[in-house]
Amino acid sequence: MIRRLLLLAVALAVAALAVLFFDANSVVSHLGGKLSPAIDTILFAIGVLIMFVSIACFLTAIWCKPMPYILLILGSIVSLVPFLWMLGTSFKDAANVFLDPPQVWPKPWLWSNYQQAFQKLPFAIYTLNTVQITAISMFGQILSCSLVAFGFARMRFPGRDKLFIVLLATMMLPAQVTMIPVFKIFATLGWYDTFKPLTVPAFFGSAFFIFLLRQYYMTVPHEMDEAARIDGASTWQIYSQVLLPQIKPALATVAIFSFMANWNDFLGPLIYLDSPAKRTLALGLYAFQGQYSTDWNYLMAASAVVMLPLLILFFIGQKYFIQGVVISGVKG
Amino acid sequence: MNLRTLRIGIIALPLIVLALLIAGCGKQQPGVTTIRFASWGNDVEEANLRKLVVEFEKRHPNIKVEIQITPWSRMQDKLMISSAGGRPPDVTRISSEWFPAIAAKGLLEPLDDYVKRDHYDLDDFYPESIEGWGKWKGKLLEIPTDIDIYAMYYNKDMFDKYHIPYPNWNWTWSDYLAAAKKLTKDLNHDGQLDQWGTSTDSWWEDYINENGGEIVNADGSKCTLDQPLSYNGLQFMADLINKYHVAPNAEEAANLGQSKLFTTGKIGMNVSGSWAAELIYKKEIKTFKYDVAPMPMGAKSRCTFIGGAAYAVLKRSEHKDEAWELVKWMTGKEYQRSAALRSQIIPSRRSVAESGAYLKLNAPPANRKVFLDMIKYGHPIPAVSCWREMEGLIVSEFDLVRLGRESAKEGCEHVTPKVDQLLRHRE
Amino acid sequence: MAKKIKSKLHRKEAYEGYLCIAPWIIGFLFLTLGPVIFSFIMSLCKWDMIKPAQFIGFGNYHTIITDDDRFRQSLKVTAIYAGCAVPIGMICSLALAILLNLNVKGMRVFRSIFYIPAILPGAAVSMVWMMVLRPQNSGIFNAMLAQLAHLFHYSFAPIPWLTTPEWVLRSFIMMSLWGVGGGMIIYLAGLQSVPTQLYEAAEIDGADGWQKFRTVTLPMISPTLFFNLVMGIIGSFQVFTSSFIMTQGGPANASLFYVLYLYQKAFQYLQMGYACALAWILFAVILTLTLIVFKSSKAWVYYEAELKR
């Protein structure tokens, strides 16, 4: 009991210290100085970290059975606020979007916002474009990465391990180093303002997926290969008929992550696509920020629709998401 | 599915995909050239452009025009990236604000020869516009199509309510300040101002220029903001916010924006462009009458921002002749007349501007001749290619001045070395 | 004879192996190695992709290091962001993972709620946050804080999240916390792989909650911590979409992230050579930081395999 009270005291003391760090600017100006925004932000962050210590002491002091639930529920509420607010705004009338204090429940509730949003800009075309790019890329990734990973996992050839290390090394290279020359290459090929720069590279593999699939291949026992070989199967048949079915979960993960990467891609379409008719959904959202004023309720409706496929994908393929993150994280 | 089908499938599928990719490239009708025309615009502007393009296509059956509307803030990027990518539009509408950057990069086709060949009547245009954003280093790179000129809109009803005489050509800064003070009120006595005399949103350059200062020197090699004439002018603007409180500060304005504050009747005077009347005020000002007046006279002169749009042909276009035809059409008398009638856009052609089309429009502001008279006081932005970066730097420094955190002198002294750095590295 | 057949088989296998990895090799040469070399050469030139390139030696690098305020600013902004968002994010995601690991009911629901923000499109997320963080009380965050302050009888001045230099970076850090779900999932897996015998042994030795955490949990998940740290650093140095859409680097360049600056130099001013030089400096910085973390890992990362020697 005394321990708890002690911890409470410590928590309060540390919290007070944290507040000092939060408001460092006013403290310093009382002393006659001035802080640059940079130092201010650093001190603010330190304040946040100190606050964590205080919170930890506080929680340990008042710990009880339902504590995890309370914390998780609080955390969920905070985390859901932006999301729920977006949904709410997407049904509001334009005049009610920015009220002070804000209107919590949309009145009038306008389902028509979604339809209007899609008419303001040709989102149907944008969706088609995004679907096209995503589908082709997914297909290309699965095809090429499964084949290349098969090569690294099952085939023996001189330099295999060294090349694999090179593959791993490319994952460390920031995309920005190659971004400009690659742009020039595609421009020279005449592929600017087409979908090709966004889809063709998928057919040449991506280091991360190759790595993921190779790890997975390694968990498949060799007996199956050997049995098939004895039966006279060619390498291609071993790949396509024996192993490919075995790594279906990993392929599902690659498919999901590839979908995510392409659906969410912003920089790629930003630099390679020009004509309004070729815009993807991400660019469409960006173009929605209007000329002179933005229709936020329509924009939120459009944003919600853009997010929808990912939500659906998550609920269907939850375990593949988790699995993919885990394989890359824990075994990486 | 047996092996054979699988093999065929795996070979066929990429071919199908490839075919789809290739099919994406459009079909061309023989004998018809398609040119791409890039512009910005909201719904209304876009509709107007399309109408004009349809007229053009009727007159030139062998040219088809594909209009590409991009948000204004993305236009400069689009022209740059698409030129680098090898497929820029053929014709573009271009704003005087990014003209130096685009011109310095050599992205535009010189039009002198075309003008001579077709005996194009360049003399009809306001020389201020041609000099301001038509020519670059002696070559004509674009044809101005309209003129944006800034002047002072004011809320007539508010002036009437407090018995203040309307702004006129004799106003100086002190008259301006006096009127603004009379208009600033805390209507519901809650300690917070609800009504302001003026706004300071647009064109801080005017305050500097009217005081006799300049942003850069004559050949654009050095920033001259740290001269007293420059920063004293700016200090007056800052004082409007922080000393006299006749203009809303950043917090007060942030929610609605100063433009909306004016259109909802909370600000008495708002410096804005000739385009604002049609594009914003017509829709949004419903509760009061407004009109326009010249900029007050500063310590040294009367200045205002002048700029506008223009049409240009991109150097990397493959259909320059057809592009030039479109440029001629879009800058022709008919278009300018209809644009003036439809959207109160000030034509760049003197003949159209001074005829009835613009002046006799039956819409507010009634005193629209002010805009035409202000053209000769127009002070364009500095013709340096790094203007956009420069403006960004200066505006963010001046945000601090507006907030009252530093004086105009300090702000100018902070920003001048940074601007010099940019000027050192410009094209 | 056997040897001949064997080597023939070996060659066939090698040939097939190369065929398998051929797509990656081609991609590597044309989309990675070639561009890397090209990029380095371009960083030594002045080039705008329209006029031919001019070789200027290390001129770009010299200008970047000595005469470019925005470079320094962008590096500072990105470093501060990384330095704040990464530790705070790691603590938050670890805390969440620990909470979820306590066998709570409805664990899957919570896991989904926290993970979903991490997979949403950046463009859409940016739009939503722009709405939520509006200054004045019309933004929901300010409104909520105002209500909270009202409860405690504080007067609350609305926070100018994205409109002042002080708060804009804090807003981005806060936004990054919305996506802690990604890290949380990894920690969850790491926590679940800690053998329970260790906890039991610690309890026998009389350890309480905190001590168990310090002596058993932390060392056992240190590889996961290490991975998340490296990934966090690399990721935070590459922030682009949110800053491009929400603030374009403002106000007063307070949110000018490094990659945004690089994009501006490359695609808004067409100074490609300069941008390539910026990219190489970015690579050098990330590499250095990663190496430092790698080197230090010997001191605090504990691999189970090593103990079994």
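The values are calculated or read from the model by the stated rules, or taken from the named source; none is laboratory data. Keep in mind that this is a model prediction, so the values were computed, not measured. Cβ placement follows ideal geometry from the backbone for every residue including glycine, while neighbour counts extend to all protein chains displayed. Ligands, DNA and RNA are excluded from the accessible area calculation, which covers all protein heavy atoms including side chains. Shrake-Rupley method; radii C 1.70, N 1.55, O 1.52, S 1.80 Å.
What residues have an amide H closer than 5 Å to that of B:Ile346, excluding those fewer than 5 places away on the same chain, when H is modeled at 1.01 Å from N in the peptide plane?
B:Ile147
I'd like the distance between the alpha-carbon centres of the range B:250-306 and the range B:51-123, rounded to an integer number of Å.
31 Å
Return the sequence-ordered ³J(HN,Hα) values of the range B:382-396 in whole Hz as given by the Karplus equation 6.51 cos²θ - 1.76 cosθ + 1.60 applied to θ = phi - 60°, using x for Gly and Pro.
x, 8, 10, 5, 9, 4, 5, 4, 4, 4, x, 4, 5, 4, 5
Scan around B:Glu97 for amide H atoms under 5 Å from its own, H built in the peptide plane at 1.01 Å from N, and keep only partners 5 or more places away or cross-chain.
Those qualifying (amide H under 5 Å, at least 5 residues apart or on another chain) are B:Gly308.
With all protein chains present and a 1.4 Å probe, how do B:Tyr176, A:Tyr320 order by accessible area, largest first?
Working: B:Tyr176 5, A:Tyr320 60 Å².
Order by accessible area, largest first: A:Tyr320, B:Tyr176.
In square angstrom and rounded to 100, what buried accessible area do you get between chains A and B, total over both, with the probe at 1.4 Å?
That pair hides around 2500 Å² of surface in total.
Between the range B:329-398 and the range C:143-190, what is the separation of their alpha carbon centroids in Å?
44 Å
For helix A:248-264, what angle does its Cα long axis make with the longest principal axis of chain A, in degrees from 0 to 90 and rounded to 10?
Orientation of helix A:248-264: about 60 degrees from the principal axis.
Relative contact order of chain B: what whole-number percent is it, with Cα pairs under 8 angstrom and at least 6 residues apart?
Once divided by the residue count of chain B, the mean separation gives 23 percent.
Averaged over peptide C:247-260, how many Cβ atoms belonging to another chain are found within 10 Å of each residue's Cβ?
3
Is the range B:343-409 rounded, prolate or oblate when judged by the Cα gyration tensor, a ≥ b ≥ c being the square roots of its eigenvalues, rounded requiring a/c under 1.5 and prolate requiring a/b larger than b/c?
prolate
Set the Förster radius R0 to 45 Å, insert the Cβ-Cβ distance between A:Ile316 and A:Ile62 as r into 1/(1 + (r/R0)^6), and round the FRET efficiency to 0.05.
The value I calculate is 0.65.
To the nearest 10 degrees, how steep is helix B:228-242 against the longest Cα principal axis of chain B, on a 0 to 90 scale?
On a 0 to 90 degree scale, this one is about 80.
Apply the Karplus parameterisation 6.51 cos²θ - 1.76 cosθ + 1.60, with θ equal to phi minus 60°, to every residue of the range B:100-110 and state each ³J(HN,Hα) to the nearest whole Hz, in sequence, with x for glycine and proline.
Those phi angles translate into x, 5, 5, 5, 5, 7, x, 8, 10, 8, x Hz.
Only Lys, Arg, Asp and Glu count, each charged at its Cβ (+1, +1, -1, -1), so figure out the dipole size of the protein assembly as shown about its Cα centre, rounded to 20 debye. Can you show the working numbers first?
Working: 97 positive and 82 negative charges, 666 e Å.
That gives the protein assembly as shown a dipole magnitude of about 3200 debye.
Please express the shape of the range C:67-307 as an equivalent ellipsoid: the semi-axes are the square roots of 5 times the eigenvalues of the C-alpha gyration tensor, given largest first in whole angstrom.
36, 27, 15
Computing the accessible area with a 1.4 Å probe over protein heavy atoms, can you report the carbon and sulfur percentage for chain A?
Ligands and nucleic acids excluded, carbon and sulfur give 71 percent.
Please work out the FRET efficiency for the pair C:His153 and A:Thr294, using the Cβ-Cβ distance as r and a Förster radius of 41 Å; give the result to the nearest 0.05.
About 0.70, to the nearest 0.05.
Under a point-charge model restricted to the Cβ atoms of Lys and Arg (+1) and Asp and Glu (-1), what is the dipole moment magnitude of chain A relative to its Cα centre, in debye to the nearest 20?
Around 440 debye, computed over chain A.
Need one value for C:230-237: mean number of C-beta atoms belonging to other chains within 10 Å of its residues' C-beta atoms.
Partner Cβ neighbours, averaged per residue: 1.
Label-point separation (nm) for B:Lys116 and C:Gln192, each offset 7 Å from Cα along Cα-to-Cβ?
7.9 nm
Give, as a single signed number, the net charge of other residues whose beta carbon lies under 12 Å from the beta carbon of A:Thr41, with Lys and Arg counted +1 and Asp and Glu -1.
Net of charged neighbours comes to 0.
Using a 1.4 angstrom probe, figure out how much accessible area the range C:67-307 has per residue, in square angstrom, rounded to the nearest whole.
It amounts to 38 Å² per residue over the range C:67-307.
Pairs B:Lys185/B:Lys289; A:Lys184/C:Lys76; A:Lys278/A:Lys319; B:Lys222/B:Lys376: which are spaced more than 22 Å apart, C-alpha to C-alpha?
A:Lys184/C:Lys76; A:Lys278/A:Lys319; B:Lys222/B:Lys376
Can you give me the accessible area per residue for the range B:310-427, using a 1.4 Å probe, in Å²?
Ligands and nucleic acids excluded, the figure is 40 Å² per residue.
Of all beta bridges DSSP finds with both residues in chain B, what is the antiparallel percent, to the nearest 5?
So the antiparallel bridges amount to about 65 percent of the total.
With unit charges on the beta carbons (Lys and Arg positive, Asp and Glu negative) and the dipole taken about the Cα centre of the range A:2-115, which residue among A:Gly75, A:Thr60, A:Leu12 sits farthest to the positive side?
Of the options given, the answer is A:Thr60.
May I ask for the distance between the Cα centers of the range B:175-213 and the range C:231-293, given as a whole number of Å?
Centre-to-centre distance over Cα atoms comes out at 39 Å.
Between helix A:67-90 and chain A, what is the angle of the helix's C-alpha long axis to the longest principal axis, kept within 0 to 90° and rounded to the nearest 10?
Rounded to the nearest ten degrees, it is 80.
To the nearest 10 square angstrom, what accessible area does B:Ile215 show with a 1.4 Å probe?
10 Å²
Over chain A, with the other protein chains present, what is the accessible area per residue in square angstrom, probe 1.4 angstrom?
Per-residue accessible area for chain A comes out at 45 Å².
Any idea of B:Trp169's accessible area? Nearest 10 Å², probe 1.4 Å.
90 Å²
Can you give the translational diffusion coefficient of the range A:116-326 in µm²/s, computed by Stokes-Einstein from the Kirkwood radius over Cα pairs at 25 °C and 0.890 mPa s?
For the chosen part, D equals 127 µm²/s.
Could the peptides A:114-122, B:370-378 be put in order, highest first, of the mean number of other beta-carbon atoms found within 10 Å of their residues?
Packing proxy ranking, top to bottom: B:370-378, A:114-122.
Please find the FRET efficiency linking B:Lys243 to A:Leu12, where r is the Cβ-Cβ separation and R0 is fixed at 45 Å, and quote it to the nearest 0.05. Working shown, then result.
Working: r = 44 Å, r/R0 = 0.97.
Once rounded, the FRET efficiency stands at 0.55.
Can you run phi through the Karplus equation (6.51, -1.76, 1.60; θ = phi - 60°) for the range A:190-199 and list ³J(HN,Hα) in whole Hz, with x for Gly and Pro?
Result, ordered by residue: x, 8, 5, 6, 10, 7, 4, x, 8, 10 Hz.
Work through the residues other than B:Asp160 whose Cβ is under 14 Å from its Cβ and net out their charges, Lys, Arg +1 and Asp, Glu -1.
With Lys, Arg at +1 and Asp, Glu at -1, the net is +2.
Put simply, what bits of the range A:147-163 lose 30 Å² or more of accessible area when the other protein chains are there, versus the chain on its own (1.4 Å probe)?
A:Leu147, A:Val148, A:Met155, A:Arg156, A:Phe157, A:Pro158, A:Leu163
Before we go on, tell me the buried accessible area for the C/A pair, both chains summed, 1.4 Å probe, in Å² to the nearest 100.
In total, chains C and A hide about 8800 Å² from solvent.
If each of A:Val19 and B:Arg74 carries a label point 7 Å out from its Cα toward its Cβ, how far apart are those two points in nm?
Inter-label distance under the simple model: 4.7 nm.
Note down the net charge around B:Lys369, summing +1 for each Lys or Arg and -1 for each Asp or Glu among other residues with Cβ under 14 Å from its Cβ.
Details: positive: B:Arg350, B:Lys360, B:Arg368, B:Lys376; negative: B:Asp291, B:Glu354, B:Asp373.
Here the charged neighbours net out to +1.
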